[in-house]
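S.K.: Okay, handing you the structure first.
Just so it is clear, none of the values below were taken in a lab; they were calculated from the coordinates. Keep in mind that this is a model prediction, so the values were computed, not measured. Note: ideal-geometry Cβ built from the backbone for every residue, glycine included; neighbour counts use all protein chains shown.
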2 protein chains.
Amino acid sequence: MPSAATTYAVIGATEHALALAAELRLAGNRVIVAEQAARRAALDALAAAPGLDVDCQVESVVGGRQRRLVTGIEVAPDVATAIGAAQVLIFMTPQTTYEDVLAASAGSLRNDQIILLCPGGLGGALLVARIAAKAGAPDLLVAQTSAMPLGGRNAGPAALRIASKKKFLPVGVFPASRTQELLERLAEDFPQLTANADVIETGFAGAAMGLHPIPMIMNAARIEADGPYVYDGYAITPSIARVIDAVDAERRLILKALGAPLTTFSDILKQSYGVDGDSFHEVVHAVPGYRQVKSPPDLRYRYLSEDVPTQLVPAVALARVLGVATPMLDATVNYANAMHGCDYWRSGWNLEKLGLDGLDAAGIAALLARGFGAR
Amino acid sequence: MPSAATTYAVIGATEHALALAAELRLAGNRVIVAEQAARRAALDALAAAPGLDVDCQVESVVGGRQRRLVTGIEVAPDVATAIGAAQVLIFMTPQTTYEDVLAASAGSLRNDQIILLCPGGLGGALLVARIAAKAGAPDLLVAQTSAMPLGGRNAGPAALRIASKKKFLPVGVFPASRTQELLERLAEDFPQLTANADVIETGFAGAAMGLHPIPMIMNAARIEADGPYVYDGYAITPSIARVIDAVDAERRLILKALGAPLTTFSDILKQSYGVDGDSFHEVVHAVPGYRQVKSPPDLRYRYLSEDVPTQLVPAVALARVLGVATPMLDATVNYANAMHGCDYWRSGWNLEKLGLDGLDAAGIAALLARGFGAR
């Protein structure tokens, strides 16, 4: 067992969350898993089992490629208990649940803790830091990754396979001035973390903003009538790829206005999956893991109901401050609003929720660097 | 033969255009059909045949339900020749071709002529009146209907069935002050015309603005991969119906700001087809003629490439002047732009093309009533 064992709370009960809990436990840490009541089934199964049967297919995971019964993962009766006991809180719940999870646990937050959102949408760290500050923990360190660290697959009620692990994982820290501190405090268990300039850059470092909602809108009739069906490469046809390219062009205008490095969705997929191609349409169809997957089962799926309020809405809000026009991002949010009969502009992560209202570009940059105290 | 036989030029070679030409000829008029070179095939077949073999299924058509060989329909060598010889010019070409057709025929336009656009998009009469004025015919009377007067079906190279005829047909006249004059001049051959207040009201009197583009966007992946396929009720699922309802709500806000009667797409379908239902989703699936039709064969189909530039773009342009927000209409145009890789805001019927730029709501109302001379 390493000398500096840490107590982790992993909030979430998906296969990816349990994969991360297993690896942290294999590394000798105290690991407490918890989830909101409505989503606890997987944790109840784990609590009743002698351990988590992990079939690890990935050499780079702690312990390497092997099958192990991982024992000693604690299942907390509720999220607040797990959060109260832990030094590092890893959120692998849907981004849309952050506010509810923290509202139920506000009294458990402390300034010495770290919250790591895996991943955290566009600016989730800002939302969470505001809630922590209101709960009396203004110096709690909040970070977010650009993707999930590990990919798990359920193999039974208390069994899973770890199928993938990110070899490097971009992370943004809020405030960015504490980036080095975060890297040091997590160095033992997360050596793969690679720092972005700030949490907004991390929020733009994934391809989900283009890959998830647009193919759902442009497959909507079929998803609603026949879903799930085979969704090869997200069912992206050349015209869908052109719409995604148009969103990507808006994303790059925002990145440029932020002074962040310019990437394309193609760049992100090429780097993440080691594939190649001359266009986004070619690249997306070159990713082996996107072949013969299933379409969303229905139109409420998280590709719209989570990604629109936590990625597209804040992207547009930032663009407005920066003077960047985003007709295609706007169009996508408005289609989702009409499809779902709601107003994601209001319920999503707008400037008020992220604590950025009233700031200009320079004010946002200062806040990202130094925290809400800089206002 | 009636005493006041008229010379009609029917521009267009679709089955609907030939059905109208046949009825006008059966009523004893001189009828000249013409089409642009690229679309002439149907007219060449007619010119080579002894006549147009018309199987009329509709009692209310001139001559009633019968099969007739309609002889004496003249096929003009080009559009300008037909236009030069006629008193009434009926345009049944795509709305996007008006500018090209008139550019090739500008020298043939005269102040004593009538142009009837069947149908004319949103404001097609304004566009056409401007072109006529520039060509030296500022007093040429321009009108537009809300739909095609007759529905024909090809039954052979020079044969067709007339399957339907509108028993009443809304018409808008530009300028509206000449509405009575138009009704009188066309009373003999078009007794079914019913006057709207102006051409903009007529432009909003159809359901195509909601029915055509949105289901194409929300079926895009399948149309591009598999089209044409069975497109029952435009493949409108409940979520697609919600998006169309959102566009309809914007359309009603525009109508309200114009002081025009408020209708819904459901009202229009109920009145047009004698169907019923508690929601747009129910009503659209109650229309017998929408059952088991074919989807667009590809994503360039006129439901986007014609309806977006000639209906949605001018609707948004008018809404801007009236201070009405139209996020769903904007979204639909922007999706079409990205899908087609073009800019319909610029190429479509914007305020400049309609001659409405620089006017406020009162100025537009005055212009619709009294013509461009009122500026």
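S.K.: Could you list which residues have their amide H under 5 Å from that of B:Val10, counting only those 5 or more apart in sequence or on another chain, with H placed in the peptide plane?
M.R.: Placed amide hydrogens put B:Ile32, B:Val33, B:Ala34, B:Ile90 under 5 Å from B:Val10.
S.K.: A follow-up question, please. Taking every eigenvalue of the Cα gyration tensor of the range B:208-354, multiplying by 5 and rooting it, what semi-axes result, largest first, whole Å?
M.R.: Ellipsoid semi-axes (Å, largest first): 24, 21, 11.
S.K.: Across the range B:21-33, in residue order, what do the Karplus-derived ³J(HN,Hα) couplings come to in whole Hz, using 6.51 cos²θ - 1.76 cosθ + 1.60 with θ = phi - 60° and x for Gly and Pro?
M.R.: Once rounded to whole Hz, the list reads 4, 4, 5, 5, 5, 4, 7, x, 8, 7, 10, 10, 9.
S.K.: Along the charge dipole of the range A:208-342, Cβ charges K/R +1 and D/E -1, which of A:Val247, A:Gly259, A:Leu312 sits furthest on the positive end?
M.R.: The listed residue farthest towards the positive side: A:Gly259.
S.K.: Taking R0 as 56 Å, what FRET efficiency do you get between B:Asp226 and A:Phe168 from their Cβ-Cβ distance, rounded to the nearest 0.05?
M.R.: The computed FRET efficiency comes out at 0.90.
S.K.: Under the convention of a label 7 Å out along Cα→Cβ, give the distances in nm from A:Asp278 to the same position in every other copy, shortest first.
M.R.: 5.5
S.K.: Given the Cα atoms of the range B:7-203, and with Rh set as the inverse mean 1/r over their pairs in the Kirkwood sense, what is Rg to Rh to two decimals?
M.R.: Using Cα coordinates only, the ratio equals 0.94.
S.K.: Residue by residue through A:324-331, how many Cβ atoms from other chains fall within 10 Å of the Cβ on average? If you can, show how the numbers build up before the last one.
M.R.: Numbers: counts 0, 0, 1, 8, 5, 1, 4, 12.
So the per-residue partner count for this stretch is 4.
S.K.: Please work out which residue of chain B brings its Cβ closest to the axis of the rotation superposing B onto A, and round that distance to whole Å.
M.R.: B:Ala331, 2
S.K.: Hey, another quick one. If the label for B:Asp139 sits 7 angstrom from Cα along the Cα-to-Cβ line, what are its distances to the same label in every other copy, in nm to one decimal, shortest first?
M.R.: 8.8
S.K.: In addition: Taking chain A as a Gaussian network, Cα atoms linked when under 10 Å apart, which of A:Gln180, A:Gln95, A:Gln144 shows the biggest mean-square fluctuation?
M.R.: Answer for the Gaussian network model of chain A: A:Gln180.
S.K.: Turning to a different aspect of this structure: Loop only per DSSP, at most 13 neighbouring Cβ atoms within 10 Å: give me the GluC sites (Glu not before Pro) in the range A:48-123, ordered by residue number. List each step's numbers first, then the result.
M.R.: On the way: sites: A:Glu59, A:Glu74, A:Glu99; in loops: A:Glu59.
Of the GluC sites (Glu not before Pro), the ones in loops of the range A:48-123 whose Cβ has at most 13 other Cβ atoms within 10 Å are A:Glu59.
S.K.: Something else: Quick one: which of B:Lys167/B:Lys270; B:Lys166/B:Lys270; B:Lys270/B:Lys294 span more than 18 angstrom between C-alpha atoms?
M.R.: B:Lys270/B:Lys294
S.K.: Order by neighbour count: A:His16, B:His285, fewest other Cβ atoms within 10 Å first, most last.
M.R.: Sorted ascending by nearby Cβ count, the order is B:His285, A:His16.
S.K.: If you don't mind, another one. State, to one decimal in nm and shortest first, how far the label point of A:Ala362 sits from each corresponding label point in the other identical copies (label point: 7 angstrom along Cα-to-Cβ).
M.R.: 4.4
S.K.: Which of the aspartates and glutamates could a cross-linker bridge to B:Lys165, judged by Cα under 17 Å and excluding same-chain residues fewer than eight apart?
M.R.: Straight-distance partners of B:Lys165: B:Glu15, B:Glu23, B:Asp55, B:Glu59, B:Glu188, B:Asp189.
S.K.: May I pose another question? If you take each beta carbon of peptide B:337-348 and count the beta carbons of other chains within 10 angstrom, what is the mean?
M.R.: Going residue by residue through B:337-348 and averaging, the value is 3.
S.K.: Also, I was wondering about something else. Specify the inter-centroid distance of the range A:151-227 and the range B:187-201, based on alpha-carbon positions, in whole Å.
M.R.: First find each Cα centre; the distance between them is then 61 Å.
S.K.: On to the next question. Sort A:Ile200, A:Ile236 so that the residue with the fewest other Cβ atoms within 10 Å of its own Cβ comes first and the one with the most comes last.
M.R.: Working: A:Ile200 29, A:Ile236 24.
Fewest-to-most Cβ neighbours within 10 Å comes out as A:Ile236, A:Ile200.
S.K.: Please work out the Kirkwood hydrodynamic radius for chain B, using every pair of different C-alpha atoms, and report it in angstroms with one decimal place.
M.R.: Kirkwood hydrodynamic radius for chain B: 21.1 Å.
S.K.: Let me ask something else. Could you give the length gained by full extension between B:Thr7 and B:Lys256, i.e. 0.36 nm per residue of separation minus their alpha carbon distance, to one decimal place?
M.R.: 85.7 nm
S.K.: Can you compute 3J(HN,Hα) from phi for each residue in the range B:233-246, using the Karplus curve 6.51 cos²θ - 1.76 cosθ + 1.60 with θ = phi - 60°, rounded to whole Hz and x for Gly and Pro?
M.R.: Ordered by residue, 3J(HN,Hα) equals x, 6, 6, 7, 8, x, 5, 5, 4, 5, 5, 5, 4, 5 Hz.
S.K.: Using a Cα-Cα cut-off of under 27 Å, which lysines could be cross-linked to A:Lys353, ignoring same-chain neighbours fewer than 8 residues away?
M.R.: Leaving aside lysines fewer than 8 places away in the same chain, those within reach of A:Lys353 are A:Lys134, A:Lys256.
S.K.: Now for a separate question. Want the number for A:Asp278 to A:Arg68: 0.36 nm per residue separation, take away the alpha-carbon distance, what's left?
M.R.: Once the chain is fully extended between A:Asp278 and A:Arg68, it gains 71.4 nm.
S.K.: Using Cβ contacts closer than 10 Å as the measure, can you line up B:Cys56, B:Cys342 from fewest to most? Intermediate values should be presented prior to the final figure.
M.R.: Numbers: B:Cys56 26, B:Cys342 15.
Least to most surrounded, the residues fall as B:Cys342, B:Cys56.
S.K.: Over the Cα atoms, compute the radius of gyration (one decimal) and Dmax (the largest Cα-Cα distance, rounded to a whole number) for the protein assembly as shown, in Å.
M.R.: In order Rg, Dmax, the Cα atoms of the protein assembly as shown give 31.8, 108 Å.
S.K.: Projected area of the range A:1-119, taken from the Cα convex hull and averaged over every viewing direction, in nm²? Walk me through the numbers on the way to the answer.
M.R.: Details: hull surface 29.3 nm².
It is 7.3 nm².
S.K.: Name the residues whose placed amide hydrogens come within less than 5 Å of the amide hydrogen of B:Ala195, ignoring near sequence neighbours (fewer than 5 apart) on the same chain.
M.R.: The list, which skips near neighbours in sequence, is B:Val171.
S.K.: If you don't mind, another one. If amide H atoms are built 1.01 Å from N in the plane of the peptide, which residues on other chains or at least 5 residues away come under 5 Å of the amide H of B:Tyr229?
M.R.: So B:Tyr229 has HN proximity to B:Ser295.
S.K.: Sticking with this one: Using +1 on the beta carbon of Lys and Arg, -1 on that of Asp and Glu, and nothing else charged, what's the dipole of the protein assembly as shown about the Cα centre, debye to 20?
M.R.: Working: 64 positive and 74 negative charges, 30 e Å.
About 140 debye.
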